[in-house]
Amino acid sequence: QVQLVESGGGLVQAGGSLRLSCAASGRTSSTYMMGWFRRVPGKEREFVAAIRRSSATYYADSVKGRFTISRDNAKNTVYLQMNSLKPDDAGVYYCAASTSSFLSGESARYDYWGQGTQVTVSS
């Protein structure tokens, strides 16, 4: 089992920045891919970004150039640096971990999920 705990959410003005963190514990050696997803009320959970253990990355088109995903394997932590935030970026952000090494934005490929952290962007 792998446990994921997100932190760093909060309220920010449009154009501002936030950095989310996701600390993993448990059988972290089995997690080859980590990702971030978000959900807003009334909508499907949406892929944001993913990163492999090799640090190869993959982003949703809506966040390319504004968000950066990174990981510190020694600390078992994944980060999501979010810049130039827009009101549409608001939602609950979830960290996810996959035992697959295939870089993907499909939520079904992820085996473990955190509880989420709220991001609110004021216009």
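The values are calculated or read from the model by the stated rules, or taken from the named source; none is laboratory data. These numbers come from a predicted model, not from an experiment. Backbone-built Cβ (ideal geometry, glycine too); neighbour counts: all protein chains shown. Calculation scope for accessible area: heavy atoms of the full protein, side chains included, ligands and nucleic acids excluded. Shrake-Rupley method; radii C 1.70, N 1.55, O 1.52, S 1.80 Å.
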Q | Local electrostatic count at Val63 - Lys and Arg +1, Asp and Glu -1, tallied over other residues with Cβ under 12 Å | A | 0
Q | Surface share of carbon and sulfur [accessible, 1.4 angstrom probe, percent] for the stretch 40-110 | A | 45 percent
Q: Starting from the residue with the highest accessible area, list Glu46, Glu6, Glu106 in decreasing order, probe 1.4 Å.
A: Glu106, Glu46, Glu6
Q) Which whole-number percent gives the relative contact order of the chain, counting Cα pairs below 8 Å spaced six or more residues apart? A) 36 percent
(Q) Suppose accessible area is computed on protein heavy atoms with a 1.4 Å probe; arrange Asp89, Asp61, Asp111 from highest to lowest. (A) Asp61, Asp111, Asp89
Q | Heavy-atom surface of the chain, accessible at 1.4 Å and reported per residue (Å²) | A | 51 Å²
Q: Taking every Cα atom in the chain, find the radius of gyration and the maximum pairwise distance Dmax, and write them in Å.
A: 13.3, 41
